[in-house]
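First up is the structure itself, then whatever we jot down about it.
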Amino acid sequence: MNSSNIETGWKDFKANAKRLWSKLTDAQINGIMGKREQLSTKVQEAYALSKEDAERQISDWQSRQTEKQAPAANS
């Protein structure tokens, strides 16, 4: 899944993002609008992570979103 897929599917993905990064407020989650750089910045700030650690978490999260979509794509 690339960054544009996050943006176009953000409405569906944001609940999962909120579950993973529960320190982010609903306003922050909604304001991110699927923009990876904004998500990374908010995760870094909320969890005191390095950019690399935040990016790693986001990449792992993205791959799980792809896995969840794959079965639906085959339907």
Review point. Which whole-Hz couplings ³J(HN,Hα) result when phi for each residue of the range 56-63 is put into the Karplus expression 6.51 cos²θ - 1.76 cosθ + 1.60, θ = phi - 60°, listed in order with x for Gly and Pro?
Key: 5, 4, 5, 4, 4, 4, 4, 5
Revision key, fill the gap. For ASP26, the accessible surface traced by a 1.4 Å probe with all protein chains present amounts, in square angstrom to the nearest 10, to 100
Review point. Ignoring ligands and nucleic acids, what accessible area does TRP21 show with a 1.4 Å probe (Å², nearest 10)?
Key: 0
Revision key, fill the gap. For LEU39 the rounded accessible area (nearest 10 Å², probe 1.4 Å, non-protein molecules ignored) is 0
Point to revise | Radius 11 Å from Cβ of GLN44, net charge of other residues (Lys, Arg +1; Asp, Glu -1) | key: -3
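The values are calculated or read from the model by the stated rules, or taken from the named source; none is laboratory data. As the structure is a prediction and not an experimental result, all values here were calculated from the model. Virtual Cβ from ideal backbone geometry, glycine too; neighbours counted across all protein chains shown. For accessibility, only protein heavy atoms count, side chains too; no ligands or nucleic acids. Shrake-Rupley method; radii C 1.70, N 1.55, O 1.52, S 1.80 Å.
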